[in-house]
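The values are calculated or read from the model by the stated rules, or taken from the named source; none is laboratory data. Remember, predicted model here, so these are calculated numbers, not experimental data. Cβ: placed from backbone, ideal geometry, glycine included. Neighbour counts: every protein chain shown.
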Amino acid sequence: MDTIRIKDKTFAVSIPEADIQREVARVANEINRDLDGQNPLFVSVLNGAFMFTADLMKHITIPCEISFVKLVSYAGTSSTGIVKEVIGLNEDIEGRTVVITEDIVDTGLTMQRLIADLEKHRPRAIHIASLLVKPGKLEVPLDIRYVAMNIPNDFIVGYGLDYDGWGRNYRDIYTVCNE
Ligand code: PRP
């Protein structure tokens, strides 16, 4: 399927499955090399990261654990007006090497919030592994150690990423077409 239709928008393939899989395997091999002996805990951020995390983990060959968290947004009284609460982390991460797996880093605010929360529990180190990064949209300084692909500021779906909840199931990544 070269193009797909979701609600009012048409999307065309921009990153084919083979390219995604190649870069995911590369990132996994970097993690295997760098974190050997550290028994990392992978923390996957739902919902978007589910497919990236599953494929990444199939290439991880060092001893490790995996857990899943969700950041729940609700209107609050912070400066941004949005408060994100981290739910679901039950592991004791004190002294552990943590690898956060994300589908996309956009403004970086989600990562900043999650890292601040994890750091309260005194891990040994926190690394970010993101399938996609939009360098043009980063608003906060972030050290993203593992990046499968940098992309422009386009609206994309597929491979875990959604448009209003739809489109997460596709194997390829699609970019919205100008209509
Ligand atoms: C998306 C994505 C990241 C976040 C990145 O999640 O999965 O978690 O946005 O954006 P940021 O860098 O600007 O914070 P979303 O809140 O859409 O939820 P989802 O994972 O369930 O799609």
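Here the condition is being away from the ligand (no atom under 16 Å from the Cβ), of a type in the set (Lys, Arg) and in contact (Cβ under 8 Å) with a residue 40 or more places away in the chain; of ARG26, ARG113, it holds for ARG26 alone.
Residue-level check: of (1) without any contact (Cβ under 8 Å) to a residue 40 or more places away in the chain; (2) acidic (Asp, Glu); (3) under 30 Å from ARG5 (Cα atoms), GLU119 misses just (3). If you go through region 1-58 and keep only what is among the polar types (S, T, N, Q) and either surrounded by 15 or more Cβ atoms within 10 Å (Cβ to Cβ) or more than 11 Å from TYR174 (Cα to Cα) (or both), you end up with SER14, GLN21, ASN29, ASN32, GLN38, ASN39, SER44, ASN47, THR53. Within region 30-76, if we keep just the residues that are among the basic types (Lys, Arg) and under 20 Å from ILE104 (Cα atoms), the residue that is nearest to the ligand (Cβ to nearest atom) turns out to be LYS70.
Scanning region 117-141 for residues that are basic (Lys, Arg) and surrounded by fewer than 17 Cβ atoms within 10 Å (Cβ to Cβ) yields LYS120, ARG122, ARG124, LYS137. Within the set GLU102, GLU85, GLU119, GLU94, the sole residue that is over 25 Å from ASN150 (Cβ atoms), within 16 Å of the ligand (Cβ to nearest atom) and not hydroxyl-bearing (Ser, Thr, Tyr) turns out to be GLU85. For region 132-152, the condition holds for at least one residue, the condition being that it is at pLDDT 95 or above, within 13 Å of the ligand (Cβ to nearest atom), in contact with a Lys or Arg (Cβ under 7 Å, 6 or more places away or on another chain) and under 18 Å from SER14 (Cα atoms). Can you tell me which residues in region 142-162 are buried (at least 19 other Cβ atoms within 10 Å of the Cβ) and aromatic (Phe, Trp, Tyr)? Within region 142-162, TYR146, TYR159 meet the criteria.
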